[in-house]
Each structure stands twice: as structure tokens, then as C-alpha cells.
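Each remark here refers to the structure printed beneath this line.
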């Protein structure tokens, strides 16, 4: 959850809340959202709804526009629509399932300020829990970034962690997973010729996900995760290679003790690294811009563009 109010070309955060709920846990095996995963998500969403209601206490003076979205887990699951109905009925949140194109557009929207310093193109990727979104963006065609191609891969850190179990911790298993993802990416490359565009220059690669922010924390040797240091940082290809190698070498125990990771997220780190390593190998950009932002920020930016002009208006994603 993110609540913000307009400030300049962006926004000021008034309140935020996040929790790992693993809604897609078990989805790969069953095709359905499990009752345990749905209950975890409902508890967290109820907390979001309560915080939103508190901010609405003075709605007459500071109206709130709100949007709540669900993505790949609900798109894939047989009971995804059923879960959405339960959320609406029990929390009052107007939850909706968005399509992959809008998910890619929101990721681009969230990174618009970073893209202003890019050249003529950007390749943006978002490694999520149930899917990975790839956005190919034109930057020289108008005042705002233009999405000219997108791809939604049905693999994310949760689904891949269930598929690969411990194989990510062996070199052969990690390499096999990476090659599987490259195979999924190749048709997109064949259409857009992104590799050739990168070789010509003027292409920025932007990563927005827990995987790349974690790798940035590893690369920067942070003693604790600091968003202000990570968001917008540019890492060389050599620095990225070193961070990938260090993350893999740490193993499960080392990753769980790392100050930028912790026990709650440890099982998702190397599956995410396998997806990222595939992107990194196929599209050999010399710099990676790391973005600690995503769909919530993209939603806020869209709400503010279409919202009322009052400077005190509040927006929630």
C-alpha cells in the first residue's frame, strides 16, 4: 500500500505498508490459489483498508482517490476472480485484475523520472512473484515514454522457487534455469532486435524488482538496506556480474544472514537471480539502472495525472 500527495513532478509519501504474502504459493502445482495463501493476503489487505479509512477521516478537506490491483497470480488461478470477490466483500477495497500490458505500462510510469536521463530507448524489466514483465520503450518520440513492445513471462520468483526447489544452489541447475528463461525471451528479441539496438548505443536498461535491489545492496556492500542509496543507482556490467557471483556463492545460509535479504525472502533470491541472469546474458547492456519502485508508484502517478487539481488531494495504491 502507498498513500501519497502531489509534490512537483512526483509525490510525497504519506503512508506505506508492505508484507510478503506469497499469494501464488502452490499455484504452479494446482492451478489454484490456496486457502492458506488467500487468508494471508486477506489479513494484509484488511490492514491496508483500515489504514485507508483512517486517512479518509477528513475526506472533506483532503479527498482520497484509491485503486487496488491484482496481477499474475490472479490472472493464472482458476479461483482468481473468486479471491477478488472475497477481497471486495470483506475489506471494501475495489480490487481488480489488470492485464499484462497495463502491468508493463505501470512499471514504465513508475520509472519515468529515471528514464528522462536515458537516450532513445529503454529496456525495463520487473521480476515479480508470478511473472516477469519486459517493456521495450521509445524515449525520443514525445514528452512521455512510449511502450512499443511488452512481454509477460509466466515465471516469477515464487513460481520458479517451487519449480526448481534446491536446484538453484547447484551450478548446473542454475545454468539450466537461466537457459530456460533465455528460450522464453528469444521470440521477443527476434521481433524487436534489442541486442542490435544496444550495440548501436543509446539504450538504458532498468531493473525494478526485489531481485535487482537486492543485488544492488550486495554490490554496494550495504550494512543495511537503504532505499535512498539504491534507487536510481547505476551499476556497471562488471559490478552486476560480481554481485550475481557473490549472491550464488553465499548459498542459502549466507543469503539468510545478509542484511539486505533476511530469512523471509531467502528462498526467492536465487530464482530471481536466474531470471535476471538470463536477461543480463541475452541483452548485454553495459550499465544497469536499479529502480526501487514499481506498480504502486506507477498507479499513484496515473491517479495524480487524472485526479483533481487540489494540492492536498491524496492518492492510494
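Numbers at a glance
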read-out	value
Those residues of the range 168-209 which are surrounded by fewer than 14 Cβ atoms within 10 Å (Cβ to Cβ), part of a loop (DSSP other than H, G, I, E, B) and within 22 Å of the chain's Cα centre (by Cα), in sequence order	none
Residue in the range 32-47 that is farther than 24 Å from residue 186 by Cα, assigned by TED's automatic domain parsing to the domain that holds residue 162 and within 21 Å of the chain's Cα centre (by Cα) present	no
Subset of the range 118-141 [without any contact (Cβ under 8 Å) to a residue 40 or more places away in the chain and surrounded by fewer than 17 Cβ atoms within 10 Å (Cβ to Cβ)]	138, 140, 141
Selected residue (only one of 232, 298 is at pLDDT 90 or above, farther than 27 Å from residue 177 by Cα and assigned to a loop (DSSP other than H, G, I, E, B))	232
Selection status of residue 85, within 27 Å of residue 291 (Cα to Cα), surrounded by fewer than 17 Cβ atoms within 10 Å (Cβ to Cβ) and in the same structural domain as residue 24 (by TED's automatic domain parsing)	no
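The values are calculated or read from the model by the stated rules, or taken from the named source; none is laboratory data. Worth saying up front: this structure is predicted, and the values here are computed from it rather than measured. So basically every Cβ, Gly included, is an ideal-geometry build from the backbone, and we count neighbours across all protein chains shown.
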